[in-house]
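S.K.: The structure is given below, and queries will be raised subsequently.
What follows draws every value from the coordinates through simple rules; no lab data is involved. The structure presented is a predicted model; accordingly, all values stated were derived computationally and were not measured.
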Amino acid sequence: MRPLTRKELAKLYGYGCTKTFTRRLAKRDVFITPRKLLDMDEQVVIFAYLGIPPLLCQELQAVFQPLVKQYCEKHDLHDYQ
């Protein structure tokens, strides 16, 4: 998967602006660098805390599902969605 911007990721979660998306991440102590494309590793971390976005295509959901599960198990996150 290609790197995504904050705006693209926010749209995948159904948010119209990046502020709401960034605040939601901050509530879970996940901070992303401003003005930087988010690569696949960073996307896995975000997906681990917010769940896999419902607007992400099925093929990519299938790719990310095991990666997110592995991340959650490694970091002892029990509330994996």
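S.K.: Across the chain, how many lysine pairs, 8 or more positions apart or on different chains, have C-alpha atoms separated by under 15 Å? Please give the number.
M.R.: Details: LYS7/LYS19; LYS7/LYS36; LYS11/LYS19; LYS19/LYS27.
So the count of such lysine pairs works out to 4.
S.K.: Can you work out ³J(HN,Hα) from phi for every residue in region 51-63, in order, using Karplus 6.51 cos²θ - 1.76 cosθ + 1.60 and θ = phi - 60°, giving whole Hz and x for Gly and Pro?
M.R.: x, 6, x, x, 8, 6, 4, 4, 5, 6, 4, 5, 6
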